[in-house]
Amino acid sequence: MIEIKDLHKSYRMGSNSLHVLKGINFSAKAGELVAIMGSSGSGKSTLLNILGMLDGADSGEYVLDGVPIKDLTETKAAQYRNKFLGFIFQSFNLINYKSALENVALPLYYQKVGRKERQEKALNYLERVGLKEWATHLPSELSGGQKQRVAIARAMAAEPKVLLADEPTGALDSKTSYEVMDLIQKINDEGNTILVVTHEEDIAHMCKRIVHLKDGVIVEDKKVNQVRAEQYV
Amino acid sequence: MFNKDRWKEILEVLTSNVWRTVFTAFGVCWGIFILIVLLAAGKGLENGIKKDFGDIATNTMFMWTRSTTKAYEGLPKGRSFEFRTSDVQAIQDNVPNLRFISPRNQLSGFRSGGNNVVRGIRTGSYNIYGDYPEIINQDPMTVTSGRFINYNDINEKRKVAVIGRGVKSDLYEKGEEVLGTYIKVQGVNFMVIGTYKKNSNDGDGEEAQKEIFVPFTSFSQAFNRGEEVGWMAITAHDGHSISVLKEDIVNEMKKRHKVHPEDKRAIGYFDLYEQYNRVESLFGALKAVAYIVGIMVLLSGIIGVSNIMLIVVKERTKEIGIRRALGESPWSIKLQILMESIFLTIISGMAGIILGSLVIYGINSLLDSVGPVDMFLNPSVSVGVVSGALMILMISGLLAGFIPANSAIRVRPIEALRTE
């Protein structure tokens with residue numbers, strides 16, 4: 001599903017150049033649930049941004065579902081993001097003047113799905129994250145966990161190939177964190193490919209594979225026995 | 001492009017900070033208001049001045065004789081001369097493209113003291129004109145009863161008269177039959193065959209209604225003018241400027257009356273068309289000034305809109321980042337910002353237009369209630385001007401949104417998302 005070969009990325013800061021990713025080789029098959037771990041500054045967010053086409057790599061190859069991702073125009077990148085990827089952010093990033101339902105429907109709107117169908121689909125996804133009754137509420141009326149669940153519903157609404165989660169539990173207490181992870185596991189059970197960036201060990205162990213990043217290179221890549229989040233909920 | 005969701009979003013954005021939107025809108029509203037009111041005021045002035053020209057055919061000149069100032073062909077300077085009836089034919093023959101050439105004679109009465117018209121025990125002093133029937137086309141009047149002078153009157157030298165509304169009210173009882181009665185003009189009886197009224201609004205309004213028209217030939221006979229012609233009213237055909245033709249006419253007269261070709265004072269004339277054109281160009285300039293001032297004021301309003309849109313974009317940087325991460329194309333975002341800008345500009349501009357129209361309406365009803373004011377009449381703006389203003393608004397909204405829209409998509413989504 002994801003194929004990365006010898007990926008390099010450096011940021012220029014004034015006259016200095018900061019080499020963040022120093023040759024990453026990584027691949028993920030469909031249906032995997034991968035945790036990307038690393039201390040801050042290890043390059044895990046940069047990697048996720050490049051995977052999410054929010055940022056471009058300096059060199060190296062990136063193939064997503066057989067499509068080479070290279071030299072994208074902003075318009076093309078937007079199209080690919082919409083078609084291939086779903087984002088889950090640490091700070092939820094819901095649009096605060098739109099209701100939960102409208103937030104979930106947004107990626108469908110960009111796919112030019114008709115209004116009625118959009119509403120139906122969005123409501124369906126809200127139901128799957130257990131927030132059907134909250135459809136008309138604004139994000140400000142939801143708790144942190146609920147917001148993240150709306151964000152997950154939104155990420156899934158466009159039926160992407162890969163879900164990218166950047167510290168999805170970073171702003172949540174552990175109980176809600178487990179609820180969110182439970183949801184992510186269930187989505188994974190249905191066959192969706194999910195990448196989770198985290199620095200929490202327990203969250204990482206709820207995935208099926210852990211990739212350790214350190215100073216811009218992968219130092220460890222191992223399969224783990226998945227801890228189900230259900231038992232903590 | 002114009003779907004419900006987009007409109008919903010535009011409204012959400014603009015109503016999220018109502019007062020800011022209102023103050024921004026005020027700038028544009030004020031600009032277009034000034035533009036509309038200035039144009040209307042200019043139009044009112046124009047209407048007022050043009051009304052003073054009345055219905056007179058404006059492609060007209062008036063010509064009369066004065067004394068010569070140069071000796072010529074053995075004749076001394078300071079010599080007086082008169083136009084003759086034969087001059088009319090001569091102009092007709094030698095100068096093409098003239099529509100009417102009306103010789104006129106006149107007895108002055110109005111405001112000049114002595115009463116010159118008597119009917120029974122009533123008297124009055126009026127201007128009496130000896131005229132040809134064509135004069136009604138050059139100095140238009142509405143015949144309210146009876147008829148105007150015709151060629152039978154001219155040929156048979158009938159002593160008939162057409163009197164003005166003012167004359168009628170002076171010399172007749174209210175409701176008294178006018179037609180067929182006689183009035184005595186300087187001792188000569190004329191039968192009244194018609195009455196008229198004129199549409200004129202200027203200071204001569206009263207005088208214009210107190211005139212008496214009699215056939216040119218009978219005037220000459222009754223008041224011993226012989227072949228003399230007091231002055232002429234000459235109108236050119238449409239499409240030919242009398243200002244151009246007058247040179248030929250004056251030269252023809254100089255030739256016939258042995259006036260030195262370079263004697264500029266011997267023949268006096270008044271070129272109504274030139275005056276009219278001067279007024280026209282004055283109003284053209286006035287209109288240009290109104291447009292310039294209005295558009296300048298509007299411009300500052302538009303800069304205000306642009307400013308606010310920049311702030312809005314700044315505030316929504318993160319939101320724009322989210323939307324781009326979710327896959328909204330840069331074009332769609334640009335379009336959104338542009339439409340917000342245009343929408344805001346047009347709505348506030350419409351408010352300005354409505355406000356301006358209300359003020360114009362108010363002034364009009366005020367003018368109606370206090371009666372006519374000198375040199376100001378019916379201020380108004382045409383539908384063309386209003387749609388032109390809307391056009392300007394549309395373009396300026398586009399311009400106002402352009403810079404903010406570009407800055408909205410210049411921020412990379414990743415940077416936008418990082419903004420807290």
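Mean Kyte-Doolittle of at least -0.5 plus a Cα span of 20 Å or more along the axis: flag which DSSP H helices in chain B meet both, please.
Helices meeting the span and hydropathy rule in chain B are B:18-52, B:272-315, B:330-370, B:383-410.
Report, ordered by chain and residue number, the aspartates and glutamates lying within cross-link reach of residue B:334, taken as a straight Cα distance under 18 Å and ignoring same-chain residues fewer than 8 apart.
A:74, B:5, B:9, B:12, B:315, B:319, B:415
For a Förster distance of 60 Å, can you work out the FRET efficiency between the beta-carbons of residue B:137 and residue B:299, rounded to the nearest 0.05?
Computed FRET efficiency for residue B:137 and residue B:299 comes out at 0.80.
Can you give the average number of partner chain beta-carbon atoms within 10 Å of each beta-carbon in peptide B:325-338, as a whole number?
Mean inter-chain Cβ contacts per residue within 10 Å come to 6.
For chain A, modelled as a GNM with alpha-carbon contacts under 10 angstrom, which of A:127, A:102, A:190 fluctuates the most?
Maximum among the listed residues: A:190.
Amide H neighbours of residue B:84 under 5 Å, at least 5 residues apart or on other chains, H built in the peptide plane: list them.
The answer is B:229.
By how many degrees, between 0 and 90 and to the nearest 10, does the Cα long axis of helix A:174-189 differ from the longest principal axis of chain A?
Long axis of A:174-189 versus the principal axis of chain A: about 80 degrees.
Quick check on my link table: of A:83/A:175; A:29/A:214; A:70/A:112, which ones sit more than 27 Å apart, alpha carbon to alpha carbon?
Going by Cα-Cα distance, A:83/A:175 fall outside the 27 Å limit.
Considering only C-alpha atoms, what is the centroid distance from the range A:172-226 to the range B:1-72, in Å?
Distance between centres, Cα-based: 69 Å.
Regarding the protein assembly as shown, what whole-number volume in Å³ per residue does the convex hull of its Cα atoms give?
Convex hull volume per residue, Cα atoms: 252 Å³.
What do you get for trypsin sites (Lys or Arg not before Pro) in the range B:1-108 restricted to DSSP loop and a cutoff of at most 15 other Cβ within 10 Å of the site's Cβ?
Passing sites in the range B:1-108 are B:66, B:77.
Hey, in the GNM for chain B with a 10 angstrom Cα cutoff, which one of B:46, B:134, B:12 fluctuates hardest?
B:12
Suppose the chain between residue B:314 and residue B:390 were pulled fully straight at 0.36 nm per residue; how much longer would it get relative to their current alpha carbon spacing?
24.5 nm
Hey, rough spin-label estimate for residue B:402 and residue B:240, points 7 angstrom out along Cα→Cβ, what's it come to in nanometres?
My value for the distance between the label points is 5.1 nm.
Setting aside same-chain residues fewer than 8 positions from residue B:198, which lysines have a Cα under 29 Å from its Cα?
B:43, B:50, B:51, B:157, B:159, B:168, B:174, B:184, B:210, B:246
Determine the gain in length on full extension of the stretch residue A:175-residue A:224; use 0.36 nm per residue of separation and subtract their C-alpha separation, reporting nm with one decimal.
Residue separation times 0.36 nm, minus the Cα-Cα distance, leaves 15.4 nm.
On a 0 to 90 degree scale, rounded to 10, what angle separates helix A:100-110 from the longest Cα axis of chain A?
Helix A:100-110 sits at roughly 60 degrees to that axis.
Could you give the nm distance between label points at residue A:215 and residue B:73, where each point is 7 Å from its Cα heading toward the beta carbon?
For the pair residue A:215/residue B:73, the computed spacing is 12.0 nm.
So what's the gap between the Cα centers of the range B:360-420 and the range B:237-276, to the nearest angstrom?
49 Å
Restricting to DSSP H runs of at least four residues, report the calculated mean residue ellipticity at 222 nm for chain A, -39500 (n - 2.57) per run over all residues, nearest 500 deg cm²/dmol.
-10000 deg cm²/dmol
Helix-only mean residue ellipticity at 222 nm, chain B, DSSP H runs n ≥ 4 weighted -39,500 (n - 2.57), per residue, nearest 500. What is it?
-18000 deg cm²/dmol
Please find the FRET efficiency linking residue A:140 to residue A:65, where r is the Cβ-Cβ separation and R0 is fixed at 35 Å, and quote it to the nearest 0.05.
E between residue A:140 and residue A:65, to the nearest 0.05, is 0.45.
For the pair residue B:264/residue B:182, report the inter-label distance in nm, with labels modelled 7 Å from Cα in the Cβ direction.
It works out to 5.2 nm between the two label points.
Using the Cα gyration tensor of the range A:38-125, with a ≥ b ≥ c the square roots of its eigenvalues, what is the shape: rounded (a/c below 1.5), prolate (a/b larger than b/c) or oblate (neither)?
oblate
Taken together, the values in this text are just the output of simple stated rules run on the coordinates, not laboratory data. The structure displayed is predicted, hence computed values, not measured ones. Positions of Cβ are generated from backbone atoms using ideal geometry, with glycine treated the same way; all protein chains shown enter the neighbour counts.
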